[in-house]
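Student: Please read through the structure below; I'll follow up with questions.
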Amino acid sequence: MWQDSMASGRSSRSKKSHDCLFDGALVNGHSTLNVPNNYDRRQWTDIDASSFAKNTFNPIRTFVEDPDLQPNPEKNVISLSIGDPTIFGNLEPCKEIIDAVQTSLKSMKCHGYIPSVGTRDARRAVARYSSINGLEVDPADVILSCGASHALEMCVLCFCDPGENILIPRPGFSVYKTHAEAVGIETKFYDLDPTKSWQVDLHSLRSAVDNKTRAILVNNPSNPCGSVFSKEHLRDILEVAREFRLPIIADEIYEHFVFSGQTYHPLASLTNEVPIVSCSGLTKRFLVPGWRTGWIIVHDINGALKPIKKGLVALSQKIMGGNALIHGAIESILEKTPQAFFDATVKVVEDNAVLAFNALSSIPGLKPIMPQGAMYMMVGVDLERFKEFPDDTAFCKELFRQESVFCMPGMAFSYPNYFRIVLTVPREMILDACDRVSTFCEEHAKYFS
Ligand SMILES: *Cc1c(COP(=O)(O)O)cnc(C)c1O
């Protein structure tokens, strides 16, 4: 088909009569060009972007890459906005991780294309890494991707056609919406409850389901909330999925990234019925977001996901495979990275969470919500107190302009009246940032009567 139309397009063009082409799509008696009749081919006009491109919107990137957003030149910038733990140099991948890639590079075997779903060794290593008691992962059920966001994109595109929908958390990571809405897949929110450590409001989850719903997306531990769901709560969510026979897309990129006293439970380990595709990767836990290596694990518990597995393989073939260098290293990375490395990272984040929580709790008008894991904290803003700001975005912009502290407005997570801070920065910076936020809030609360 494709070749046919290319060929006929080419031959038509070589024989084209100018007038024919300018007037529209009629070439050699049949319309091969498929352009609107009013398309003026005699001059350059605006070359319009596709609706796919125009409907693609990533609120986080749009906000941080806004050229109008300028800090106070007299104060150093403290960026608490982007979830990249490597920015400040206080958190770095350990020697085992670096050595693994060096070995991979020098082996001279990792320069070429690799299979779209990942190399055999990489799939086996991810399967082993993701297997726990009672949850044995088969390498054949692993598909590697270019980061977890690519994994999520494939999942969203695989479950839904345009006009159908997935249920996503509010507040939630914006990329789910970005992937879906670009192609006309709808997203419907279910709510997380800030008064219950951001647990899912199960009533809102149930009522969001309609006859076009194809999957529920669950993000645990959560960005932006830093919440970690208990086993019991995850079972409640699974029960809703079972009730409506809905598969779950589990965004588990923060797997194991939980504070002391908390336990991470892979969703798939808690059900022997609900089909789950789980997305994760090296990005956050191994502190290498720029290496763009993630994966999907298809937990086809009851055999219902065969077509999805096939679909995901097809979608993985859109690009010519992942990063060969990292695939060559991933077995070593996953097996040799010491637990002490992970523990040290989580400790930095947890200590910062406690510091920031205490500091921000004492500021009238702010209400931080203590996280249990991941790398973030949501902070409520009582805009009644800061009346000059119409919304959280205006609050964050002015905070940046005045104090050079960069926070992500809640609206980027579809959750107004909050902002999110990143907890991976050096300790002094978190303290400095909280001081500046305090100064800012004091000054702007003067309009509060
Ligand atoms: C960072 C993040 C991702 C994406 O990770 P990449 O591997 O960099 O694509 C996915 N989901 C959540 C919730 C994240 O915070």
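Student: Please compute the length gained on full extension between GLU74 and LYS310, using 0.36 nm multiplied by the number of residues separating them and subtracting their Cα-Cα distance.
Tutor: 79.4 nm
Student: Another question, if that's okay. Can you give the accessible area of PHE259, probe radius 1.4 Å, in Å² rounded to 10?
Tutor: Accessible area of PHE259: about 10 Å².
Student: Restricting to bridges with both residues inside the chain, how much of the DSSP beta-bridge set is antiparallel, in percent to the nearest 5?
Tutor: 60
Student: Now a separate question. Per-residue accessible area for ARG206 at 1.4 Å probe radius, Å² rounded to 10?
Tutor: ARG206 exposes around 90 Å² with every protein chain in place.
Student: Stretch GLU186-PHE57 to full length: gain in nm at 0.36 nm per residue minus the Cα-Cα span?
Tutor: 45.1 nm
Student: Expressed as a fraction of 2.2 N^0.38 Å, the rule-of-thumb size for a compact globular protein of N residues, what is the C-alpha radius of gyration of the chain?
Tutor: This ratio for the chain stands at 1.10.
Student: Under 5 Å between amide hydrogens, which residues at least 5 positions from ALA250 or on another chain qualify, with H placed 1.01 Å from N in the peptide plane?
Tutor: Here VAL218, VAL277, SER278, CYS279 satisfy the definition.
Student: With every protein chain kept in the model, how would you rank THR45, THR424, THR103, THR195 by accessible area, 1.4 Å probe, largest at the top?
Tutor: Solvent-accessible surface, decreasing: THR195, THR103, THR45, THR424.
Student: Rounded, prolate or oblate: pick one for region 193-323, where a ≥ b ≥ c are the square roots of the eigenvalues of its C-alpha gyration tensor, a/c under 1.5 means rounded, and failing that, prolate if a/b is larger than b/c, else oblate.
Tutor: oblate
Student: With the Cα gyration tensor of region 95-336 giving a ≥ b ≥ c as the square roots of its eigenvalues, does the rule (a/c under 1.5 for rounded; else a/b larger than b/c for prolate; else oblate) give rounded, prolate or oblate?
Tutor: Prolate.
Student: For region 224-325, which GluC sites (Glu not before Pro) pass both filters: DSSP loop (anything but H, G, I, E, B) and at most 14 other C-beta atoms within 10 Å?
Tutor: Numbers: sites: GLU232, GLU239, GLU243, GLU252, GLU255, GLU273; in loops: GLU252, GLU255, GLU273.
Counting only loop positions with at most 14 other Cβ atoms within 10 Å, the GluC sites (Glu not before Pro) in region 224-325 are GLU273.
Student: Taking R0 as 30 Å, what FRET efficiency do you get between GLU428 and SER230 from their Cβ-Cβ distance, rounded to the nearest 0.05?
Tutor: Values: r = 34 Å, r/R0 = 1.13.
That gives a FRET efficiency of 0.30.
Student: Express the accessible area of region 95-336 per residue in Å², computed with a 1.4 Å probe while the remaining protein chains stay in the model.
Tutor: Solvent-accessible surface per residue comes out at 41 Å².
Student: Moving to a separate point now. How much FRET efficiency would the formula 1/(1 + (r/R0)^6) give for ALA140 and ILE47, where r is the Cβ-Cβ distance and R0 is 45 Å, rounded to 0.05? Show your work: numbers first, answer last.
Tutor: Numbers: r = 44 Å, r/R0 = 0.98.
Efficiency for this residue pair is about 0.50.
Student: Pulled fully out, how much extra length does the chain show between ILE132 and ALA340, if you take 0.36 nm times their separation in residues and subtract their Cα-Cα distance?
Tutor: 72.9 nm
Student: Roughly what % antiparallel, to the nearest 5, for the DSSP beta bridges in region 95-336?
Tutor: Roughly 45 percent of the beta bridges in region 95-336 run antiparallel, per DSSP.
Student: Only helices at least 30 Å long along their axis, Cα-based, and averaging 0.5 or more on Kyte-Doolittle count here, so list those DSSP H runs from the chain.
Tutor: In the chain, the long hydrophobic H runs are 339-361.
Student: Let me know the shape class of region 376-449, please: from the alpha-carbon gyration tensor, a ≥ b ≥ c as square roots of the eigenvalues, rounded when a/c is under 1.5, otherwise prolate if a/b is greater than b/c, or oblate.
Tutor: In terms of gyration-tensor shape, oblate.
Student: If one computes the Cα centroid of region 339-410 and of region 124-175, what distance in Å separates the two points?
Tutor: Region 339-410 and region 124-175 have Cα centres spaced 29 Å from each other.
Student: Tell me, what % of the accessible area of the chain is carbon and sulfur with a 1.4 angstrom probe?
Tutor: 51
The values are calculated or read from the model by the stated rules, or taken from the named source; none is laboratory data. Keep in mind that this is a model prediction, so the values were computed, not measured. Glycine also receives a Cβ, built like all others from the backbone with ideal geometry; neighbour counts cover every protein chain displayed. Heavy atoms of the whole protein, side chains included, go into the accessibility calculation; ligands, DNA and RNA do not. Shrake-Rupley method; radii C 1.70, N 1.55, O 1.52, S 1.80 Å.
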